[in-house]
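So the structure is just underneath, and the comments pick up after that.
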Amino acid sequence: MLKSPQQQIQDLINEINALHNAGVLNSGQSNSLIVKLNAAINSLNKGQPHAACNQLQAFINEVNGLINAGVLTPEQGQSLIDCATLIRNQIGCESESEVYEESESED
């Protein structure tokens, strides 16, 4: 049976918790990622896929940052990014560049 996007995001949260429990991510790092994923679940539950797309993209950006900082291995990070990208595709998100044009710029 196919999982809903919300269930798939919960699986991602479980993966983040596992990385935290393994000592790969500290509490601040795991919490920051999980907050974005919970926000995406809440957006989907409210029928706001557009907001969920942006939240998932923010998650992907943060994972990329953790890879670049050497916190996550490329393999660990890519697994999370691949899952988030699949969820984005499933809920019909636009490509990354289009998301950026619609979201507020962060400095």
Using only Cα atoms, locate the centre of segment 45-61 and the centre of segment 18-43, then give the distance between them in Å, rounded to an integer.
15 Å
Calculated [θ] (222 nm, deg cm²/dmol) that DSSP helices of n ≥ 4 give over the chain, each run adding -39,500 (n - 2.57)
-25000 deg cm²/dmol
Between N68 and S95, what length comes free when the chain is fully extended (0.36 nm per residue of separation minus the Cα-Cα distance, one decimal in nm)?
7.5 nm
Report the gain in length on full extension from L86 to D11: 0.36 nm times residue separation, minus Cα-Cα distance, nm rounded to one decimal.
25.7 nm
Figure the gain on full extension for N61 and S32 (residue separation times 0.36 nm, minus the Cα-Cα span) and round it to one decimal in nm.
9.3 nm
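Rank-order 15-21, 70-76 by packing density, defined as the average count of other C-beta atoms within 10 Å over each peptide's residues, highest first.
The peptides rank, most packed first, as 15-21, 70-76.
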The chain - percent of accessible surface contributed by carbon and sulfur, probe 1.4 Å:
49 percent
Everything considered on the Cα gyration tensor (a ≥ b ≥ c; rounded for a/c under 1.5, else prolate if a/b is larger than b/c, else oblate), segment 1-47 must be described as oblate
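Can you give the accessible area per residue of segment 1-55, in Å², using a 1.4 Å probe?
Result: 55 Å² per residue.
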Can you compute the charge dipole magnitude of the chain about its Cα centre, using +1 on each Lys and Arg Cβ and -1 on each Asp and Glu Cβ, nothing else charged? Give it in debye, rounded to the nearest 20.
500 debye
Cα gyration tensor shape of segment 42-90, rounded if a/c is under 1.5, else prolate or oblate by comparing a/b with b/c
prolate
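The values are calculated or read from the model by the stated rules, or taken from the named source; none is laboratory data. Everything numeric here is computed off the predicted structure, so don't read it as measured data. Cβ atoms come from the backbone with ideal geometry, glycine included; neighbour counts cover every protein chain shown. The protein model used for the area step is the full one, side chains on, heavy atoms only, and it has no ligands, DNA or RNA in it. Shrake-Rupley method; radii C 1.70, N 1.55, O 1.52, S 1.80 Å.
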